[in-house]
Amino acid sequence: MKVENGLIPVVVQDVRNNNVLMLAYMNEEAMELTKKTGFMHYWSRSRNCIWKKGETSGNLQKCIELMTDCDDDALLARVEQTGVACHTGSYSCFYKDPLEQDDIVSRLWRVFEDRKREGSESSYTVRLLRNRNLLLKKIGEESSEVILAAKDKKREEIVYEAADLLYHLMVLLYDEGIKMSDIHRELEGRRK
């Protein structure tokens, strides 16, 4: 194997569903400990030491299979994951969408999640999420208002009504589990 600076990147995959869990690094000692114990060991670049995955958290990774890539410069570790893989508490370290990092869309998505979790009857978003007919009616109304504002060429009204329309449409997308990145990919696909 080609090991750069004594380390080799390891892509970690759940054997049950083939989901990618994390990316870590191994040195020779971590590799030997993994082989010897049957549990994943890595080199922590931040702590500058070997660590057994899940040693303190209990989120162990039983090594099922280790494979090298065609160039011998990366590993694929197929594991049985106990608990979560990410230090944030997420099942996988790969859950962030780089297209929606911290723009207004991702902030609104978090608001939708908070409102849904809290379930307050006074929340307009919660009422929309619980009443599909109301949500669809509002999308229709807001669409009409955008059209009327555009017909009259009233720029400020167009912006205001378009924001209303987008908000209601985003609530629908959120409720359907459709991310803005899904829409982005669809639009990108149409450019070809």
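The values are calculated or read from the model by the stated rules, or taken from the named source; none is laboratory data. From a predicted model like this one, the values you see are computed outputs, not experimental measurements. Here Cβ is always computed from backbone atoms with ideal geometry, including for glycine, and neighbour counts include all displayed protein chains.
For the range 103-116, does any single residue satisfy the condition of being of a type in the set (D, E, K, R), at pLDDT 95 or above and more than 18 Å from the chain's Cα centre (by Cα)? If you could, list the steps in order and put the result at the bottom.
Initially, the range 103-116 is screened for residues of a type in the set (D, E, K, R), giving 103, 107, 110, 113-116.
Adding the requirement that they be at pLDDT 95 or above leaves none.
No, the range 103-116 contains no residue that is of a type in the set (D, E, K, R), at pLDDT 95 or above and more than 18 Å from the chain's Cα centre (by Cα).
Of the residues SER122, SER92, SER144, the single one that is part of a loop (DSSP other than H, G, I, E, B), loosely packed, with under 13 Cβ neighbours inside 10 Å and not assigned by TED's automatic domain parsing to the domain that holds VAL20 is SER122. Kindly establish whether GLU100 is buried (at least 16 other Cβ atoms within 10 Å of the Cβ), of a type in the set (Asp, Glu) and either touching a Cys at 6+ places or on another chain (Cβ under 8 Å) or at pLDDT below 85 (or both). When the stated conditions are applied, GLU100 passes them.
Within the range 47-79, how many residues turn out to be in a loop (DSSP other than H, G, I, E, B) and among the basic types (Lys, Arg)? Steps first, please.
Going residue by residue through the range 47-79, those that are in a loop (DSSP other than H, G, I, E, B) are 47-48, 53-60, 69-74.
Then drop every residue that is not among the basic types (Lys, Arg), which leaves 47, 53.
Summing the residues that are in a loop (DSSP other than H, G, I, E, B) and among the basic types (Lys, Arg) in the range 47-79 gives 2.
Taking each residue of the range 33-62 that is in contact (Cβ under 8 Å) with a residue 12 or more places away in the chain and among the basic types (Lys, Arg) and looking for partners that are part of a strand (DSSP E or B) and surrounded by fewer than 16 Cβ atoms within 10 Å (Cβ to Cβ) with beta-carbon atoms closer than 8 Å, six or more apart or interchain, yields LYS62/GLU80. Scanning the range 53-76 for residues that are closer than 14 Å to TYR25 by Cβ and of a type outside the set (A, V, I, L, M) gives LYS53, ASP73.
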